[in-house]
Structure formats: structure tokens, C-alpha cells
Amino acid sequence: MSLPSIPSVDWAKVKTLVRRYAAAAPAALAALGVAMAASSTVRPDGDRTAEAVARITEGDLSARGLAALSARMDPAQLALAIRFDPNENRAALLGLTPGWESLTLAGRPTLELGVSGLDAQKRNAAMPAAIGALRPAAPFVFNAATPADRARALRCLTQGVYYEAALESTEGQEAVAQVILNRVRDPNYPNTVCGVVFEGAERNTGCQFSFTCDGALSQAPVAWAWNRARLVAEKALSGYVATKVGTATHYHADYVHPWWAPTLGKITQIGAHIFYRWKGLAGESAAFKQVYSGREPTIDEARFARPRLIVASTGEGATVVGPSDAAVLADGGMNLRTVEINGQTRVVGVASLGGRRQATAADIAAINARLQAFEDPPLAAPAPAAPAPAGVTAMDVEEVGKPAS
């Protein structure tokens with residue numbers, strides 16, 4: 001049996017490989033050291049957060065994945081995330097009931113006393129205008145179907161300007177008209193001028209513009225102020241744009257601070273009114289794409305001229321003030337006077353601008369009488385002196401140092 005042959009070793013090749021590996025050993029050891037050091041370093045929080053998000057959403061960043069992510073947040077975390085999300089394209093409702101914006105400009109009912117007067121002015125002044133909130137609005141395209149529709153639209157817009165801003169500057173009135181026409185083109189509101197102005201007026205509460213449900217329409221407007229408001233309305237319907245408010249859809253007086261103000265983008269203040277727009281895409285110029293209907297609804301002004309105030313009743317629930325009950329509220333208090341302005345004689349009544357009833361002279365006298373009675377109550381008659389006890393002689397008190405009369 002023959003033994004297998006042993007292959008010969010090429011020692012020259014072995015020496016070459018040894019020298020080659022020996023030269024590469026320092027680099028390999030250095031790489032190994034770096035890898036070991038990296039494995040011992042604490043991972044950044046950003047990496048951990050990214051992995052957690054990927055695990056929860058399963059890599060899906062569509063609406064489904066984001067819903068899975070937000071489902072793990074409590075209401076406070078979700079509200080903060082919405083408030084500080086730079087890509088948020090919706091109005092920041094912050095948990096409010098959907099559709100809240102169509103309830104009323106006056107604000108939702110609350111048990112709190114609210115903020116008004118000087119405190120409200122301070123809060124409004126402390127809240128700066130949102131950076132870049134102003135967006136340009138396109139001219140309103142007024143294509144009324146018939147002359148009657150054109151007349152109705154003009155009257156409704158004139159009413160909105162007059163009763164909401166009769167004492168404002170022309171610029172302030174133009175801004176109010178711009179808000180109304182912006183709403184006509186906003187898909188969240190009716191597509192007619194009268195529909196926007198009288199939205200919610202059929203309810204006891206919830207009217208968008210208070211003059212449509214507080215009885216202000218029962219007061220005859222002052223002629224010169226009405227004509228001024230009509231000129232502003234005609235100008236707006238002809239395509240004029242109030243550039244300072246742009247796409248504003250909300251406003252309020254500076255002496256109130258409504259609850260919804262922080263949820264919108266503040267644009268600017270003109271006169272006594274502060275103007276706002278929707279946040280995100282809803283407030284962009286392209287969002288106002290609703291087409292004007294051209295068919296204006298017929299408004300029952302006689303019905304809306306009656307103040308619908310809830311008063312206590314003897315039966316269950318409450319009753320609504322009717323025409324006979326409203327007569328006292330709607331009558332009197334005009335305080336009109338004739339003055340000469342720029343060479344023209346006009347009958348003015350500042351008390352009637354906006355249609356709010358003011359106190360008459362008799363009302364003021366009655367109020368002052370009640371205040372006087374409250375501040376200076378009648379002094380009680382002194383009680384009669386008790387008879388002297390038995391055995392005690394009553395003596396007159398001599399007043400010493402009393403000046404002679």
C-alpha cells in the first residue's frame with residue numbers, strides 16, 4: 001500500500017501573504033474599534049422617535065397612519081400638535097364642535113360672564129396680527145338673475161353695512177361689505193348676499209348678524225347714513241376690493257373678546273372692528289370658489305323686525321316676545337334733531353344709528369329717581385323716649401356752647 005503524496009508548500013507565497021495581512025492589520029483593528037465605540041454610544045432620541053412612529057404607523061403616513069398615531073394622544077397633546085403644526089390646512093378647532101363657525105358671530109352660549117369693555121380691548125391689543133395672514137381677495141362677480149334679485153342683494157348688503165358699521169369710517173364700512181361678499185363665495189356659507197346677511201335669523205339665537213334678530217330693523221334708518229352705506233354696497237358689488245382685509249370672513253368690535261378669536265388668523269383692525277380669516281387653506285384666496293347664485297331669497301323684514309327675546313313666563317318653559325310685547329322696545333327713544341352739515345339741513349339721530357333703542361328723557365328721569373332713592377334712603381324717625389322710672393325726676397338737658405340762632 002502506497003502512502004499519498006504530500007503537496008509541496010510554496011513558502012515564497014506564504015511569506016508574501018503574511019506581509020500583506022500584517023500591513024492591513026492596523027486599519028482593520030482601527031475599524032473594529034470604531035464599530036465597538038459606536039455600538040456603545042447612546043442612540044439619539046430622534047432615532048428612537050422615528051422608529052416608534054414607523055412601528056405605530058407601519059410606515060404608512062397617509063390619513064390611516066396619522067389616525068393611528070393621533071389615537072395614542074390625549075386631548076391636550078392633540079390640541080398642541082394641531083396648534084403648532086405648520087402644515088395644518090384646517091381651521092384650528094381645538095376640539096370645538098364641528099360647524100361652530102356657523103352658529104353666531106356673537107359667540108357660543110356660556111355660563112361665564114365673558115370679557116368686555118376695557119379688559120377686552122387690552123386682550124385684543126395684546127394679540128398680534130398673524131404674520132402673513134393677509135391674502136388678496138378677487139373682485140366680486142355680481143351676476144344677478146333679474147333686476148329684482150339685484151335690488152334685493154343691494155338692499156341686504158346695504159343693511160349689513162348700515163346696521164353693523166353706520167358710525168365707522170368709509171374704510172371700515174368697506175371692510176364689513178368685503179366680509180359679507182367673502183362669505184358668499186365661501187363654501188361654508190350661503191351663496192347669496194341676503195342668505196349670508198340673514199343666516200340664522202329664523203332662530204331665536206344663532207343669527208350671524210345681530211341686527212337681523214334683535215329688533216333693530218324696526219327702527220327707520222337715518223337717511224344720510226343709509227345713503228352712505230348704500231354707496232359702499234354699490235361699490236363692493238361693482239367689484240371693489242377692501243385690500244386691507246382681503247379674505248376675512250369674521251370680525252368683532254374691539255370692546256369684546258369672543259371665544260373664537262384665537263382659533264382664527266387675525267388680519268388687522270379698522271376703526272372699532274378687528275378682522276380675521278380662516279387658518280390654513282380655508283383662508284387662502286383659492287378657497288373662495290363658491291359661485292354666486294344670482295337668485296336672492298325674499299326676506300320677510302316685517303318678521304325679522306320684531307325682537308325675538310326670550311322672557312320668563314308663568315307657564316312651563318319660556319315665551320317669545322310678540323308684536324304687542326315688542327311695541328315698547330321698538331317705540332320711542334329716537335332723539336332726532338335738525339342740524340346743518342356743509343350747508344345742507346339734515347335730520348339726524350345718533351341714537352337711532354344701527355337701530356338700537358335709546359332711553360328717553362322720561363326713562364332717564366325714572367332711572368335717576370331710583371338711584372337717588374337707593375343712595376339716600378329716608379331716615380327713620382327717632383324712637384320716642386321711654387318714660388322715666390318711678391322715683392326719678394326728669395330734667396331737661398342744657399346745651400352748653402350752642403351758638404345763637
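The values are calculated or read from the model by the stated rules, or taken from the named source; none is laboratory data. As the structure is a computational prediction, the values presented were derived from the model and not from experiment. Cβ sites come from the backbone with ideal geometry, for glycine too, and all protein chains shown count toward neighbours. Ligands, DNA and RNA are stripped out before the accessible areas are found, and what is left, the full protein with its side chains, is counted by its heavy atoms. Shrake-Rupley method; radii C 1.70, N 1.55, O 1.52, S 1.80 Å.
Of note:
- Residues T298, T212, T49, sorted by accessible area with the largest first, give T298, T49, T212 [1.4 Å probe; ligands and nucleic acids excluded].
- Approximating the spin labels as points 7 Å out from Cα along Cα→Cβ, the A272-to-I367 distance works out to 1.6 nm.
- Computed with a 1.4 Å probe over protein heavy atoms only, the accessible area of Y255 comes to about 130 Å².
- Of the trypsin sites (Lys or Arg not before Pro) found in segment 200-267, the ones in coil according to DSSP and having at most 14 other Cβ atoms within 10 Å of their Cβ are R203.
- Surface calculation, 1.4 Å probe, protein heavy atoms: R303 sits at approximately 100 Å² accessible.
- Across the protein chains, with a 1.4 Å probe defining accessible surface, the residues M395, M127 rank M395, M127 from largest area downward.
- Rh by Kirkwood over Cα pairs, then Stokes-Einstein D for segment 129-285 at 0.692 mPa s and 37 °C, µm²/s: 208 µm²/s
- Heavy atoms of T393 accessible to a 1.4 Å probe, total area in Å² rounded to 10: 120 Å²
- In this structure segment 142-185 gives 30 Å² per residue of accessible area when probed at 1.4 Å with all protein chains present.
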